[in-house]
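Trainee: Below: one structure in structure tokens.
Read-outs throughout are calculated quantities, based only on the coordinates presented, and are distinct from any laboratory measurement. Here the structure is a predicted model, which is why all the values come from computation and not from measurement. Quick reminder, even Gly has a Cβ in these numbers, built from the backbone with ideal geometry, and neighbours come from all protein chains shown.
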Amino acid sequence: MGHEFMGIVEELGSAVKAVRAGDRVVVPFSISCGGCEWCRRRLPTQCTTTGRAVFGGRFGKVFPGGQAERIRVPFADYLCERVPPTMTDDDALFLGDILSTAYCCAENGGIRPGDVVAVFGAGPVGLLAMQSAQLFGPARVFAVDRVDYRLALAAELGAEPVNVDTSDPAEQVRALTDGRGPDVVLECVGHETPFTQAIQAVRAGGAVSSVGVYVETTMGFQAREAITHTMPLKDTPHGYAIFDRKEDRAIKVMLKP
Ligand SMILES: [Zn+2]
């Protein structure tokens, strides 16, 4: 819990060299050392030094999460990314998880100009994956989900909505592409059923990219559109409740301590 956060640096450990007090920084959700084999291969979520630890998570070494007024960030020189003064908190926050995850998903799909792309899942990651996919110049992008307001938002972002409750989404997507299937399917749900449907939908020899994670901080687009609610720390349970129940058009809830 609280793996996605940013803040102002208040105090430094003695080993920290690159970060200064007063810096406004965003931090990736996964805790990595920067020096092991996997970090050097740009797979920091597989860091063996921390045992693939996540802020507020339960794998590897345990570190508290960011739903708090202060947090200790280990490996601060490697993990803290200074936010340029021209960038708002709303735009920077998601670099730590959902935007980098979504971009990575699209990049790994190997989308080429003119490709047809289907994105399974129109939650926070799926919506950002659709925007990421657009950067690679596809001819069409389909958004596959069952929640109407999320499909409506996907349509506003230029995707063609496909509702999984209407009929088998793999068949729908194939029918919409003259039986051929999309060149690339981005699977942003993380469950077995949509993963299977993604494989059934994709064209012969196409690519299915299921979400993987690394830190990418150079993209600049409208991540803040995913924020539907901003609330103080004390309202956290309410934020989780509306997100879980998909009430009040919730997509992403931001907490401001
Ligand atoms: Zn490492």
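Trainee: Where the centre of each part is set by its Cα atoms, how far does the stretch 150-188 sit from the stretch 237-257, in angstrom?
Mentor: Cα centres, the stretch 150-188 to the stretch 237-257: 26 Å.
Trainee: Could you calculate the contour length gain from Thr193 to Lys246, that is, 0.36 nm times the residue separation minus the distance between their Cα atoms, to one decimal place in nm? Let's see the in-between values first.
Mentor: Details: separation 53, 0.36 × 53 = 19.08 nm, distance 1.98 nm.
That pair, Thr193 and Lys246, stretches by 17.1 nm at full extension.
Trainee: Between Lys234 and Thr86, what length comes free when the chain is fully extended (0.36 nm per residue of separation minus the Cα-Cα distance, one decimal in nm)? Mind dumping the intermediate values first?
Mentor: Values: separation 148, 0.36 × 148 = 53.28 nm, distance 2.92 nm.
Extra length available between Lys234 and Thr86 comes to 50.4 nm.
Trainee: Between Ile8 and Ile227, what FRET efficiency follows from the Cβ-Cβ distance if R0 is 25 Å, with the result rounded to 0.05? Don't skip to the answer; put the middle values down first.
Mentor: Details: r = 20 Å, r/R0 = 0.79.
After rounding to 0.05, the efficiency reads 0.80.
Trainee: OK, next. Would you mind checking which residues have amide H under 5 Å from Ala143's amide H? H placed 1.01 Å from N; only 5 or more apart, or other chain.
Mentor: It is Val119, Glu160, Val162, by chain and number.
Trainee: Taking the simple approach of a point 7 Å from Cα along Cα-to-Cβ for both Lys256 and Arg40, what is their distance in nm?
Mentor: 4.4 nm
Trainee: Need the list of lysines near Lys256 for cross-linking: C-alpha distance under 23 angstrom, and skip anything on the same chain fewer than eight residues off.
Mentor: Hits, sequence-local ones excluded: Lys234, Lys246.
Trainee: Can you pull the Rg over Rh of the chain, Cα-only, Kirkwood?
Mentor: With Rh from the inverse mean 1/r over Cα pairs, Rg/Rh is 0.99.
Trainee: For the residue pair Leu157 and Ala68, what label-to-label distance in nm results when each label sits 7 Å from Cα along the Cα-to-beta-carbon direction?
Mentor: Label-label distance for Leu157 and Ala68, simple model: 3.1 nm.
Trainee: Another question, then. How about the stretch 1-102: which chymotrypsin sites (Phe, Trp or Tyr not before Pro) there lie in a loop by DSSP and see at most 15 other Cβ atoms within 10 Å?
Mentor: Within the stretch 1-102, the qualifying chymotrypsin sites (Phe, Trp or Tyr not before Pro) (loop, at most 15 other Cβ atoms within 10 Å) are Phe59.
Trainee: With the chain treated as a Gaussian network of Cα nodes joined by springs under 10 Å, which of Pro169, Pro124, Pro85 yields the largest mean-square fluctuation?
Mentor: Result: Pro85 has the largest fluctuation of those listed.
Trainee: For labels at Ala204 and Arg180 in the simple 7 Å Cα→Cβ model, what's the distance in nm?
Mentor: 1.3 nm
Trainee: Which is the longest part of the chain that has none of the trypsin sites (Lys or Arg not before Pro) sitting in a DSSP loop with at most 15 other Cβ atoms within 10 Å? Don't skip to the answer; put the middle values down first.
Mentor: Values: sites that count: Lys17, Arg20, Arg41, Arg42, Arg58, Lys61, Arg70, Arg72, Arg146, Arg180, Lys246, Arg249.
Within the chain, the longest run free of exposed trypsin sites (Lys or Arg not before Pro) spans 73-145.
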